[in-house]
Ligand SMILES: Nc1ncnc2c1ncn2[C@@H]1O[C@H](COP(=O)(O)OP(=O)(O)OP(=O)(O)O)[C@@H](O)[C@H]1O
């Protein structure tokens, strides 16, 4: 969905008790926002509101509860963050000298389904409140896999370490004006102190983000328990990409006489029941969808290598692979050819996951392999079956899988993604939609390319297209053109053994656990130093150097001149980057080595981040279709 494509529509109420919102306001400076909030909007770099913001912000500023439904990537976070901050400031201004800074309470609560999303939303709120003195924002993180005693200790530490500014203190726990967290983290924070519920007695504004996930994936009880600590007088927003019965159930708990803001695709039909379809048509409007039919599963490696090496896929690329082992296999395979990539999976500590996503967004590296663990282990239906009657998830395994899939896919803002490559197919049309929703965000275009080995997978493409309501066009490869690569590809695949995959996976987790502790303080002080910890480094030390290059005789004849130019461009870039690294290392040596705990790794290079991310990734709509015009 591109923002330009959303029909400026405030939908009729999906339920009897929901009324239509006031007129849209299409300029931030016409919204009568506090000057400090307007400065915050400039910090975020937003000039004009997106459709959902134009409708939702005035609705919330009118003081009413609001139900917001709008497609992925349409700007829903700011649609609630802006009124939330504005309303807190106006409430504080109205209060007498007691003021917000001295009251030992939380003033706003944002509930999100995953830790990764909590971190992202916290960043948006911190940027928005940068010029507001005394208003604090904190991401409450539950420490998983720990005893409840150490969990409480760690929560105290987290709660006190994460917050700066004029925080309130109660019973040793420091709280912020705005708390962001999963329902479980918020509950754990409350239970870590006596009378924890009273922490939330001053809440004036509450948001449930990605509301459609909250119940359908078993967070129902935690959410209702967290919400029960919030006074009924608090203003509420329920924000979702889709409207289904789960959102409807939550609406009755959270919202009172709400206004409804529902942004529809131009092609959408306009009825509440069709909101999923509207989101999907929206994706269809801004994304190009292709699949490549292959003979064998291993051909996926051949095609991926060829497309990356020949520059068919450029810019920033998200590759979805079903399962962690499968993701490490692909990484080790790409490493052999000196094509660097990082693996994002649920085994990484939350800090590392966040840092990895930030690095990708800043174009420190361009290829991110995402391990989709739900697709590996279960169909959508079987995930549903794991819930008990109250919607509580039954198995720990299901929890682990859920965290990985939706932490990585749902709601996260991967910036300027040119391609989503479904190396493995998603489990169903809904998962296809969510993967596809990571590209074509914020008014940009994007391409989804799915690899389908054998007839079964090609049949599934037809099903996925029907379920996701998109056209997935067949991309015909002249396989003879890339046949010359087969030998080196198969040779490399043989060298990526199960043992190597296991070792690499274990080694990576150990290293990331260590790094995440060691680097926490460093990154707090140097948040922009994204290159200090490279998530895309090669996992094997001894790689055959000759595989980093493609000899001319292996190139498809029609492409020789074209690719030669590209490859020499790439090596020029590599040389430039080596030179830059040398310069950074020399500068660091002069500064002394203590500053960076990883020791001797170069600083983040902003120029590259801007150059590569902006120019090549996720172009504006109307760009030529790079896959179609590239004949293989
Ligand atoms: N007014 C604006 N102008 C320019 N860019 C914007 C604006 N509002 C949001 N964006 C950008 O659009 C992107 C998508 O925003 P956001 O993550 O809030 O979308 P979303 O609707 O919550 O998506 P999802 O449903 O996938 O979570 C972000 O990169 C954000 O910075």
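The values are calculated or read from the model by the stated rules, or taken from the named source; none is laboratory data. Keep in mind it's a predicted model, so treat the numbers as computed, not measured. Here Cβ is always computed from backbone atoms with ideal geometry, including for glycine, and neighbour counts include all displayed protein chains.
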Residues in region 34-56 that are more than 10 Å from the ligand (Cβ to nearest atom), under 23 Å from residue 92 (Cα atoms) and assigned to a helix (DSSP H, G or I): how many? 9
Determine whether region 5-20 contains at least one residue that is crowded, with 23+ Cβ neighbours inside 10 Å, within 13 Å of the ligand (Cβ to nearest atom), modelled with pLDDT under 95 and not in a loop (DSSP other than H, G, I, E, B). yes
Only listed residue being in contact with a helix residue (DSSP H, G or I) (Cβ under 6 Å, 6 or more places away or on another chain) and modelled with pLDDT of 90 or more, chosen from 354, 294, 302: 302
Based on this model, can you work out whether residue 224 counts as more than 16 Å from the ligand (Cβ to nearest atom), more than 19 Å from residue 56 (Cβ to Cβ) and either touching a helix residue (DSSP H, G or I) at 6+ places or on another chain (Cβ under 9 Å) or at pLDDT below 90 (or both)? yes
Just give me the residues in region 241-256 being in a helix (DSSP H, G or I), surrounded by 19 or more Cβ atoms within 10 Å (Cβ to Cβ) and away from the ligand (no atom under 14 Å from the Cβ), in sequence order. 246, 250, 251, 254
It is to be established whether one or more residues within region 87-94 are part of a loop (DSSP other than H, G, I, E, B) and at pLDDT below 90. no
